[in-house]
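These notes concern the structure reproduced below.
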Amino acid sequence: MSEVVDLERHDEIAIVTVDSLPVNALSAAVRRGILQCVQTAVADPAVKAIVLTCAGRTFIAGADITEFGKPAQPPALAEVIAELENSPKPIVAAIHGTALGGGLEVALGCHFRVAVKNARFGLPEVKLGLLPGAGGTQRLPRAVGPELAVRMIVGGEPIDAAAALKQGLIDAIVEGPASGGEAFARKVLAERRTLRRLRDDDSKLETARVDRSIFTNAVAAMTKRARGLEAPFAAADAVGFSLDTPFDEALRKERELFLNLMNGDQSKAQRYAFFAEREAAKVTGIPEATKQRKVESVAIVGAGTMGGGIAMSFASAGIPVTLIETSDEPLQRGLGIMRKNFEATAARGGIATDEPARRMALVSGVVGLEHVRGADLIIEAVFETMAVKKEVFAALDTYAQPGAVLASNTSYLNINEIAAVTTRPQDVLGMHFFSPANVMKLCEIVRGAKTAPDVLMTAVAVARRIAKVPVVVGVCDGFVGNRMLAARSGQADRLLFEGALPRQVDAVVTRFGMPMGPFTMDDLAGLDIGWRSRKDRGVKSEIADALCEAGCFGQKTGKGYYRYESGSRAPLPDPEVETLIADTCARLDLERREIGDDEILERMVYPMVNEGARILEEGIAARPGDIDVVWLYGYGWPIYRGGPMYYADQVGLKHIADRLSCYARATNDSSLEPSPLLQRLAAEGKTFASLAAGGKVA
Ligand code: 3H9
């Protein structure tokens, strides 16, 4: 029938199959194909019922995101869905894989829905800064009630087939999608079932129409963490229309909200981030035929905070893991913390109550490095000093089986130097997880000078298996994320000497959308860590040093840049710290001045962008998008601002280069001078994105 949608007839049942790989997204051709096939089937007197199904690994995964922002091509998705819903012949959506976004909206336009048992259903548009724009905000509440609809639409949370059946989103769970769909269609005909058009079925809305608090409470719960984002609030408004606005008018209003969001800056940034994340998983400079090594058994060396968090990530993905310590006491402590963390998640309803036990059963704790013997992948997560790392890697070289991948979780250290203590540097690389490792999604995959291509590909694939977002980076101090963070910390520190206060700097940074400011972050990490490292390097930072000398190490001592009331993690401004800052400046004969919020923001963000440009020039990151992904998933950069390099492009590189030069002069800080790449792009009126599109870095 069409290149991407096929129509077959099995006596009285027409089978419409969407076949547009990889994910059957609703491109114009797919929309046209579905419309034509359904119209043909409806017009064919021999056809009594229609099954809509998909080829490949998944049902329709949504609208084709690449079409957004381009001139709209007919037919509109809403038109296709109306055709399905108005069909006089029953239509059954037969679902496997994921029915997402516009894909679920198509299914909701059908009269019946069946799915295989591992299918998932979601309206994740909010994650792209959008809302369902083809009737999803009106039909889903009618299918499952407004409370769950709010969770799925405003929170973007998917549900599985069992929940979908229980909540009335699907009519049956079947063995195979096409065969199950066909059998169900025959049953509909045999039982002469009435066609259920969701648009006409308000039964599940009635309770919330009488008591609107059901809806408003669900919205409040789902928007609690939506600070700064527009889409969840617009999505909530749209679901609200189902309670008080006639269906067709509600569809018009939903469409209007959808178009506003689609054309807005936030959704553009979020769509950019979606593709940047997928691009980052593609490793440059590796032959396409490179095969991964098999990873069936994993060992983690070190049961501290990082090792335990990494082990939790494997166990959560159903992968058995051996956790290794040098003695029983730290091992038991680590295992205990892991169990407690899983139990806390279960208590919050994040995982089923039997999950903590099931996951902990996948973790075997042992004492002694010789237990790495059978592992295909070994991740070292021991104390962050070169001497200790070298000792561990020398031992791994002795015990690990040939071909095992040897990864270090170092956050700063030189992987090449670590690899050099082994006889197999080709098997060594960095897998830098972020704290808390069971929660944070980023994994910097650090490629050493001698890391073999298949080792690199294996680490990338393993990271994806445990639901992390891998980004390949090169060797340098702090890799991508921490190196840029250091550029920001340097400025945060200087701002205190020039006249700013920790609470002022942190407020500017959190207002921008970061989860916390640099001083709150330092207090959380522990000020003693930086102090120890400064002492090792023979450098001083008078304010931070003075705090440490007074025993103020941050949250753990109840005092740092802020004070903390016992048992609380909420930072409170501390007049004593403000006096200490003023006294230190007076002692050093530094004149303090009023610093505006605009300057603070520029000095927090632009030096990071500058460092990002250096990182690109040096080839430490392959693409500006990779840097953005690091910041989105490792540091909570606000997704609606796309990432630091994307943000810089929106601000304009010339402006950023000019401001950096100006601050470099005013503060006598040469590190702020714009990097050669930033200068060149600024002079040529170009963007970082132009590099991703084939422009040359150097
Ligand atoms: C929407 O539906 C709006 C409507 O309400 C209203 C309209 C009027 N479009 O992730 P993967 C590509 S908004 C275009 O690596 P996985 C992806 O870029 C949409 N392309 O695979 C990648 O390309 P490449 C709502 C898409 O198995 C390839 O497919 N839907 C789309 O790990 C494989 O992707 C969503 O937000 C798309 N919609 O995961 C769902 N989706 O190979 C978005 C994927 O060149 N998609 N691609 O890099 C997903 O969540 C995941 O892709 C999925 C598969 C779970 C489906």
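The values are calculated or read from the model by the stated rules, or taken from the named source; none is laboratory data. Quick caveat, the model's predicted, so the values are computed rather than measured. Note: ideal-geometry Cβ built from the backbone for every residue, glycine included; neighbour counts use all protein chains shown. What goes into the accessible areas is simple: the full protein's heavy atoms, side chains included, and nothing from ligands, DNA or RNA. Shrake-Rupley method; radii C 1.70, N 1.55, O 1.52, S 1.80 Å.
Would you confirm, using the coordinates I've provided, whether Pro470 is within 16 Å of the ligand (Cβ to nearest atom), touching a helix residue (DSSP H, G or I) at 6+ places or on another chain (Cβ under 7 Å) and not aromatic (Phe, Trp, Tyr)? Yes, satisfied. The requirement of being within 16 Å of the ligand (Cβ to nearest atom), assigned to a helix (DSSP H, G or I), of a type in the set (D, E, K, R) and crowded, with 19+ Cβ neighbours inside 10 Å is fulfilled nowhere in the range 235-244; no residue meets it. Being assigned to a loop (DSSP other than H, G, I, E, B) and open to solvent by 30 Å² or more (accessible area, probe 1.4 Å) is the filter here, so list the residues in the range 165-192 that pass it. Within the range 165-192, Gln167, Asp171, Glu175, Glu191, Arg192 qualify.
For the range 94-114, a residue qualifies if it is touching a Phe, Trp or Tyr at 6+ places or on another chain (Cβ under 9 Å) and within 15 Å of the ligand (Cβ to nearest atom), and the qualifying residues are Ile95, His96, Gly97, Thr98, Ala99, Leu100, Gly103, Leu104, Val106, Ala107. Selection over the range 612-631 of residues that are crowded, with 24+ Cβ neighbours inside 10 Å and either under 14 Å from the mean Cα position of the chain (by Cα) or under 13 Å from Val472 (Cβ atoms) (or both) gives a count of 9. Looking at Ala221, Ala273, Ala208, just one residue is closer than 27 Å to Tyr647 by Cβ and either hydrophobic (A, V, I, L, M, F, W, C) or at pLDDT below 95 (or both), and that residue is Ala273. For a quick check of your reading: which helices (runs of 4 or more DSSP H) sit entirely within the range 51-160 and have at least 1 residues that are in contact with a Pro (Cβ under 9 Å, 6 or more places away or on another chain) and open to solvent by less than 10 Å² (accessible area, probe 1.4 Å)? In the range 51-160, the matching helices (runs of 4 or more DSSP H) lie at 102-109, 136-144, 146-153. If the condition is being open to solvent by less than 10 Å² (accessible area, probe 1.4 Å) and either under 21 Å from Asp522 (Cα atoms) or among the small types (Gly, Ala, Ser) (or both), then the range 449-467 contributes Ala459, Ala463.
Among the residues making up the range 645-678, those that are open to solvent by 40 Å² or more (accessible area, probe 1.4 Å) and outside any helix (DSSP H, G or I) are Asn668, Glu673. One residue stands out in the range 392-441 among those that are touching a Ser or Thr at 6+ places or on another chain (Cβ under 7 Å) and assigned to a loop (DSSP other than H, G, I, E, B): the one that is nearest to Ala315 (Cα to Cα), namely Asn438.
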